[in-house]
1. Which FRET efficiency value, to the nearest 0.05, is calculated for Q694 and S599 with the Förster distance at 30 angstrom and r the Cβ-Cβ distance?
2. Which value in deg cm²/dmol, rounded to the nearest 500, describes the helix-derived mean residue ellipticity at 222 nm for the chain, given -39,500 (n - 2.57) per DSSP H run of n ≥ 4 and division by the residue count?
3. Please count, across the stretch 675-738, the pairs of lysine residues with Cα atoms under 19 Å apart that sit 8 or more places apart or on different chains.
4. Convert 4 °C to kelvin, take the viscosity as 1.567 mPa s, use the Kirkwood radius over C-alpha pairs of the stretch 566-647 as Rh, and evaluate the Stokes-Einstein diffusion coefficient in µm²/s, rounded to a whole number.
5. For the stretch 437-517, run through the trypsin sites (Lys or Arg not before Pro) and keep only the ones in DSSP coil with at most 14 other Cβ atoms within 10 Å of their Cβ.
6. Tally up the carbon and sulfur contribution to the accessible surface of the chain as a whole percent, 1.4 Å probe, everything protein left in place.
7. Any chance you could get the radius of gyration and Dmax over the Cα atoms of the stretch 745-873, in Å?
8. Taking Rh as the Kirkwood radius computed over C-alpha pairs, what is the Stokes-Einstein D of the stretch 667-790 at 10 °C in a medium of viscosity 1.306 mPa s, expressed in µm² per second?
Amino acid sequence: MTKKSFSQIPKAYDPSVVEDKWYKYWLDKNYFHSEVDKSRKPYTIVIPPPNVTGMLTMGHILNNTIQDVMIRTKRMENYNTCWVPGTDHASIATETKVVNYLKEKGIEKFEIGREEFLEHCREWKDKYGGIIIQQLKKLGVSCDWQRERFTMDDDYYKKVIETFVSLYKEGMIYRGYRMVNWCPASKSAISDEEVIYKTVNGKLWYLKYPVVDSSVFITVATTRPETMLGDTGIAVNPNDERYKDLIGKSVLLPITQREIPIFGDEYVDMAFGTGAVKVTPAHDLNDYEMGKRHDLEFINIFNDNASTNHNVPEEFRGLDRYVARKKVVERFEELGLLAKVEDYQNKVGYSERGGVPIEPYLSEQWFMKMDELAAPAIEAVRSGKIKFYPDHWIKTYEHWMSGIKDWCISRQLWWGHRIPVWYNNATKEIYCSITPPDDPENWTQDEDVLDTWASSWLWAYDVFKKDEEQNYYYPTDTLVTAPDIIFFWVARMIMAGLHFKKDIPFKHVYFTSIIRDLQGRKMSKSLGNSPDPLNVIAEYGADALRFSVIYLAPLGQDVLFSTEKCEIGRNFANKIWNAGRFLLMNAENIPVTDELKNSYIDFSDKWIYSRLHQTLTGLNTAMEKFDINNASKIIYSFVWNDFCDWYIEMAKNRLYTGSDEVKSAVLTRALGIFEDLLKIVHPFMPFISEELWQLIAERKDGESISVSHYPKADKQLINPEAEKEMEFVQEIITAIRNIRGEMNIPPSKFVTAYLKSSSTKQYQIEYIKKLARVEEIIVSGDVEKPKASASTVLKNCEIYIPLTGLIDLDVERNRLQKEITRLEGALVGIDKKLSNEKFVNNAAPDVVEHERTKQKDWRTNLEKLKEILSSLS
């Protein structure tokens with residue numbers, strides 16, 4: 001190691017000074033870029049592309065930190081790492097933003113036409129899009145920014161269109177008239193996965209329909225009375241005795257005056273409502289299926305904005321669906337056909353992007369056949385060729401894939417990949433190709449665009465532009481993603497990879513935790529419970545935020561997060577900084593030389609080397625199992641406890657009192673271990689580790705911890721005997737420190753310690769003296785407990801600390817007696833409260849549990865105080 005000056009090292013770590021400096025350095029040195037190199041093994045991750053209009057969220061922080069930990073670790077292990085970043089064009093999200101933006105300027109989408117609207121979309125994307133990518137850089141992620149992709153890039157756009165044409169020619173894409181989820185806000189079909197169900201307090205209306213040629217009425221219950229304008233049948237269960245005589249008859253549909261049949265279908269739940277249901281095949285999925293079974297008429301009563309259309313009586317036309325509902329109910333009441341109204345709670349499907357209730361809607365759309373694609377994708381996961389972490393997601397995946405429906409891939413939007421289909425103006429012949437027809441004046445292109453996920457499902461391989469790159473980097477190694485897009489994206493990427501590339505798209509899928517607030521609510525802008533990550537970085541530093549979210553996120557469990565919890569990471573960063581500063585300040589006056597690295601080794605050195613290599617072994621195992629949370633805790637324990645709290649404290653004695661050679665050997669060794677420590681910390685906390693690594697020695701231009709060699713575990717250096725010996729020393733020191741605290745022995749006073757043991761070795765005595773502030777230690781198997789002494793018992797040792805002269809025994813006895821009396825009184829009160837059945841049965845469970853925990857703790861404390869008082873007698 002080369003001598004350098006350390007006198008200017010700041011006392012406190014300031015991330016704001018460090019982070020931008022090193023990120024620019026890494027970019028300038030091109031450390032994150034990868035090119036095909038067949039002499040090296042690749043390690044590839046593709047980023048889940050955030051919406052181009054998106055902003056950084058806590059979910060992004062967790063997801064991208066995990067990816068960065070993996071990439072940085074593999075980079076240091078000499079893999080040719082390639083982490084491809086990019087953004088998704090996000091059809092509905094972007095189009096909604098642009099439509100609203102134009103409305104504020106008095107411009108309507110359909111008035112300006114497609115091309116001008118798309119120009120506004122591109123301008124919006126150039127101005128606001130990709131902000132999230134710049135924000136991610138503040139987190140320190142080591143993506144290959146030269147490979148940044150966008151799902152509407154020319155080359156990627158072409159790949160998406162080629163895929164559609166290929167599948168169409170294979171007969172796997174078809175146009176069909178089907179029931180779809182319709183978003184009235186975006187005026188587009190959306191997938192089942194884009195529907196969010198919310199519990200809504202509504203009404204259940206009981207409507208009476210007159211049976212034709214009879215004085216009898218049949219009553220139906222509905223949550224959507226407005227849809228009765230499109231009713232084409234009444235269904236009853238054929239086993240329902242109440243209605244057997246009515247099957248085959250008709251009712252006269254009020255308001256419309258249409259006759260519609262009463263028929264039997266076992267789908268009908270006899271216990272719901274009246275046991276008779278109105279059937280609207282064009283506006284309910286279950287009714288749609290019944291309509292097909294019984295050859296009913298399909299009457300669509302809504303326009304694409306969910307207003308009523310020309311298929312309803314004239315006075316009801318052009319009404320918003322909820323206005324129509326009110327008017328229908330009023331008319332039934334006027335006609336004396338409203339039997340009753342009940343409060344009713346049900347789940348209503350909302351458009352995830354549009355934020356409004358969806359309409360089940362009969363519409364002509366493009367669909368992709370799924371059965372043939374799904375079968376090999378199910379087997380790839382079931383066989384373990386693709387591994388899920390945590391593996392409980394396998395069942396969720398299999399369940400969905402086994403019941404998969406054909407995918408509605410068309411969207412009634414303009415921003416996106418336009419469907420490459422043209423219709424002959426005269427013959428309506430279909431032409432599907434990546435290029436337009438030769439006589440475009442005779443053809444009209446389909447207006448729809450593809451579902452966003454019908455472009456991003458190619459992301460794992462089509463982010464690579466050249467065949468050579470695809471052959472080298474694909475299949476990728478790891479996908480890190482949120483579980484809520486397991487069907488949107490993960491399943492579809494697996495299907496695409498197996499179908500088009502004949503190989504899996506990735507080997508491992510890590511499903512991240514969901515970030516929630518302390519009340520357990522999912523963080524969202526609407527609730528106002530999601531902190532701005534950039535503000536958190538500004539307050540705590542990127543390293544602190546990165547480490548904290550990983551430390552708080554066990555595999556497969558949700559994270560309860562608050563900004564204050566970033567104290568975990570900030571305190572850890574300060575601990576590392578203080579340790580580094582201490583060692584480097586000593587290097588100002590003590591020579592650091594590798595020649596003495598293996599000299600003057602004592603049991604504490606053997607112990608710390610053993611702990612380092614045990615840590616590396618455990619860390620490797622955790623990373624292999626994708627247990628990133630446990631990996632962070634393994635690192636934390638070694639750095640905070642083993643290295644900082646014990647090894648450095650033990651090294652101080654030799655650094656202060658040893659010979660010049662001993663001092664040099666101890667410091668050289670400590671700095672060497674500290675350098676390895678920084679390397680395992682680096683993937684989690686890249687900035688502080690780079691700063692300290694650069695300070696340890698003079699580095700050549702272009703050197704960085706991020707491309708240094710990751711430490712390898714050496715089983716030869718794992719020393720169970722040294723660890724066992726050190727554990728015993730730690731127990732003794734901790735026990736003496738605890739006695740000092742319990743007995744209020746001033747820190748300035750040294751104690752005498754009697755150790756009744758036959759196993760303590762002589763050379764441990766000096767460490768015990770220094771670290772527990774002990775003046776004299778008497779070790780013997782025949783030691784008897786001195787009068788007025790505190791004591792504790794360890795596994796192989798009894799410890800006695802005489803207290804005479806250290807504290808005023810009378811004052812201490814009085815203090816203890818007062819505290820005992822106080823606790824006894826408090827326990828009477830809490831015992832009385834918990835024996836009160838009224839309190840226990842009526843109070844909130846967490847309140848009762850809190851009181852019980854308090855009772856238990858107070859009893860434990862009381863017993864301990866009585867023991868201490870007894871020892872002073």
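The values are calculated or read from the model by the stated rules, or taken from the named source; none is laboratory data. Quantities reported herein were computed from a predicted structural model and do not represent experimental measurements. All Cβ positions, even for glycine, are placed from backbone atoms using ideal geometry, and neighbour counts span all protein chains on display. Please note that ligands, DNA and RNA were not included when accessible areas were found on the heavy atoms of the full protein model with its side chains. Shrake-Rupley method; radii C 1.70, N 1.55, O 1.52, S 1.80 Å.
1. Computed FRET efficiency for Q694 and S599 comes out at 0.65.
2. Computed mean residue ellipticity for the chain: -13000 deg cm²/dmol.
3. So the count works out to 4.
4. 89 µm²/s
5. Sites meeting the loop and neighbour criteria: K465, K466, K502.
6. That share works out to 48 percent.
7. 20.2, 62
8. Taking Rh from Cα pairs, D becomes 87 µm²/s.
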